[in-house]
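Note sheet for the following structure.
The values are calculated or read from the model by the stated rules, or taken from the named source; none is laboratory data. It should be emphasised that the depicted structure is a prediction, and the values quoted were computed from it without experimental measurement. Here the Cβ positions follow ideal geometry from the backbone for every residue, glycine too, while neighbour counts run over all protein chains shown. Ligands, DNA and RNA are stripped out before the accessible areas are found, and what is left, the full protein with its side chains, is counted by its heavy atoms. Shrake-Rupley method; radii C 1.70, N 1.55, O 1.52, S 1.80 Å.
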Amino acid sequence: AAKLSPEKLLCQLRDRVNVTMIQGSDGPFGTSEWQRYLPGKSLSETVGHLGRCAVVSSAGSLRSSHLGREIDSHDAVLRFNGAPIRGFQEDVGQKTTIRLVNSQLVTVEEQQFLVEALYNTGILIVWDPAPYHAEIHEWYKKPDYNFFESYKLYRSTHPEQPFYILNPKMQWQLWDILQENSLEQIQPNPPSSGMLGIVIMMTLCDEVDVYEFLPSKRQTDICHYYQKFHDRACTMGAYHPLLFEKNLVKRINQGTDEDIYIHGKATLPGFRNVHC
Ligand code: NCC
C-alpha cells in the first residue's frame, strides 16, 4: 500500500465515502409503508450548518478526564450506542446532538432501546453491518440484525424525533480506504461505530474534535467509561478493524501530539474545508 499524504487521504475520504441516509428512493424502501416511517427531512436539513463538532468515544480513558465542559462547548456532539450522560457530565459533557447506534443494540437489546429514556434525546442514526459491497436489496433481505421492526416501533412511539438509517454502502467505501492504506490485510468486517461517526461528522461540520479515539495518557484496559468491565480488545479491536481506523485518524489529525496525550483529542477538518 502506497502511503498517501494526509491531504490526499482526506481527499479520498471526501470523494469516495458517500455518507447518505436511507430514503424512499432506495429500492426496497420505496413503499408507501416505509414512507410513513422514514424522516421527511434530510439529515443535513435537520442539523443545519454545523461549525465545531465533538465526537465522544465510549472509551474507559474518558474517566477522570474533566473534558465535559470542553465537549459541551461544541455546536454539536455525537455519542455512541448506550453511552450514558447522567453521572458522567464532568467527564463527557451533557449535550447530545446525534447518537449513532448499531443494529444489534436496536434489535437484541430491544426492550431497553424502546424504553430507555437515554435514547429520546437528539437525532438517532442506526447502522447495520452489510455484506461486502452488497446491493441494497440483498442487504434488506438479509441484514446482520433484523432491526427494521424495532425501528418502525420506535418511530411510531417517537414520531417527532429524527431517526435515520445509515446507507450501508458507506461502511465498505470506508473499509476499502482503510485497507488500501494499511500494510497488512484487514479482517473483512465493517468499521466500528466510532469510525463511522467520525466520518458522518466530517460531512456535517467545519471541524471535528474526536475525544479518546486516539487514547491519551489515561489509556486503560477498562472498556467503557461507564462500566467496570476490562477488555483490551475494546481499544485495539477484535471484530472491527479498530487499530487500522486509529492509524488512519492519526495520519489525518491536524491537532498536536500533546493534545492527544493530554486530552485524548484529535482534530479533523470537515470535508467542506478539504480542498482537493
Ligand atoms: O463499545 P462501543 O462499540 O459501543 O463503543 C463505541 C465506539 O467507541 C470507540 N471505543 C470504545 C471503547 C474503547 N475502549 N475504545 C474506543 O475507541 C470505538 O470506536 C467504538 O466503535 C460499536 O462499534 O458499535 C461497538 O458496540 C459494542 C456494543 O454492541 C454496543 O455498545 C451496544 O451494547 C460492541 N460490543 C459488543 O458487541 C460486546 C463493540 O464491539 C463495538
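In loop segments of the range 173-262 as defined by DSSP, the GluC sites (Glu not before Pro) with at most 13 further C-beta atoms inside 10 Å of their C-beta are 184. Provide the FRET efficiency to the nearest 0.05 for the residue 73-residue 243 pair, computing r from the beta carbons and using R0 = 22 Å. Efficiency computed from Cβ-Cβ geometry: 0.15.
Only Lys, Arg, Asp and Glu carry charge here, each on its Cβ (+1 for the first two, -1 for the last two); on that basis the range 7-55 has a dipole of about 160 debye about its Cα centre.
Converting the Cα gyration tensor eigenvalues of the range 82-125 into ellipsoid dimensions via √(5λ) gives semi-axes, longest first, of 20, 11, 9 Å.
Please report, in whole Å³, the volume per residue of the convex hull around the C-alpha atoms of the chain. Numbers along the way, then the final one.
On the way: hull volume 34.3 nm³, N = 276.
Expressed per residue, the convex hull around the Cα atoms of the chain is 124 Å³.
Counting only DSSP beta bridges with both residues in the chain, the antiparallel share comes to about 30 percent.
How big is the range 54-120 by the Kirkwood estimate over distinct Cα pairs, in Å? Each step should come with its number before you reach the end.
Details: mean 1/r = 0.0807 Å⁻¹.
That comes to 12.4 Å for the range 54-120.
Nonpolar atom fraction for the chain, defined as the carbon and sulfur part of the 1.4 Å probe accessible area, stands at 49 percent. Rolling a 1.4 Å probe across all protein chains gives residue 276 an accessible area of roughly 100 Å². Let me know the charge dipole size of the chain about its Cα centre in debye, to the nearest 20, where only the beta-carbon of Lys, Arg (+1) and Asp, Glu (-1) is charged. In debye, rounded to 20, the chain gives about 140.
Computed across the range 1-135, the Kirkwood radius stands at 17.5 Å (inverse of mean 1/r, all Cα pairs).
Per residue, the accessible area of the chain comes to 46 Å² when a 1.4 Å probe rolls over the protein heavy atoms. Check cross-link reach from residue 250 to the aspartates and glutamates: straight Cα distance under 14 Å, and skip same-chain residues fewer than eight apart. Result set, ordered by chain and number: 7, 209, 212, 258, 259. In the structure displayed, which of 8/41; 3/169; 142/169; 95/228 lie more than 21 Å apart, Cα to Cα? Over 21 Å Cα-Cα: 8/41; 3/169; 95/228. Volume of the convex hull of the range 161-276 (Cα atoms only), normalised per residue: 140 Å³. Spacing of the modelled spin labels on residue 11 and residue 187, each 7 Å from Cα toward Cβ, amounts to 3.4 nm.
Toward the positive end of the charge dipole of the range 176-230, with +1 on the Cβ of Lys and Arg and -1 on the Cβ of Asp and Glu, the farthest Cα among 193, 223, 203 is that of 223.
Taking 150, 32, 65 as the candidate residues, the one with maximal mean-square fluctuation in a Gaussian network model of the chain, Cα springs under 10 Å, is 32. Size descriptor for the range 179-224, Kirkwood hydrodynamic radius: 13.1 Å (Cα pairs only, one decimal). Rounded to the nearest 20 debye, the dipole size of the range 130-206 about its Cα centre is 320 debye, using +1 on the Cβ of Lys and Arg and -1 on the Cβ of Asp and Glu. Highest GNM mean-square fluctuation among 231, 206, 176, for the chain modelled with Cα contacts below 10 Å: 231. Which is the longest run of the chain containing none of the trypsin sites (Lys or Arg not before Pro) found in DSSP loop states (not H, G, I, E, B) with at most 15 other C-beta atoms within 10 Å? Value returned for the longest uninterrupted segment is 87-216. Of interest is the spacing of the C-alpha centroids, which for the range 69-90 and the range 179-234 amounts to 16 Å. Loop-located chymotrypsin sites (Phe, Trp or Tyr not before Pro) in the range 39-136 (DSSP state not H, G, I, E or B) with no more than 12 neighbouring Cβ atoms inside 10 Å: 132.
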